[in-house]
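The next block holds one structure in the form of structure tokens; read it before the comments.
Nothing in this text is a laboratory measurement; each read-out follows from the coordinates by a stated rule. This is a predicted model, so every value here is computed, not measured. Virtual Cβ from ideal backbone geometry, glycine too; neighbours counted across all protein chains shown.
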Ligand SMILES: [Zn+2]
């Protein structure tokens, strides 16, 4: 981990207007990356991306969340 950080620092030195913005940007990047990798992992394993149940084949949602989504879509169409 520390070797990776050292490499990152050596490669590119970003300049931020202040340390608060620096903190914000570095964390935002980390959070987005983590969120995406979690989603990808679940999708690959066939687990619903909204909970930890088994997803239906071909989609990223389980039976329950598929129904929730369908209900929501129906409501949106019919008003
Ligand atoms: Zn689910």
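Here is how the numbers come out for the structure above:
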| item | result |
| --- | --- |
| Helix-only mean residue ellipticity at 222 nm for the chain, each DSSP H run of n ≥ 4 adding -39500 (n - 2.57), per residue, nearest 500 | -22500 deg cm²/dmol |
| Neighbour-count order for 23, 65, fewest beta carbons within 10 angstrom listed first | 23, 65 |
| C-alpha long axis of helix 2-11 to longest principal axis of the chain, angle in ° | 70 degrees |
| Overall dimensions of the chain as given by Cα atoms, namely Rg and Dmax in Å | 19.5, 56 |
| Angle in degrees between helix 63-78 and the longest Cα principal axis of the chain, rounded to the nearest 10 | 80 degrees |
| Using alpha-carbon coordinates, inclination of helix 19-45 to the longest axis of the chain, degrees | 40 degrees |
| Ranked 42, 30, 13, criterion: other C-beta atoms within 10 Å, fewest first | 13, 30, 42 |
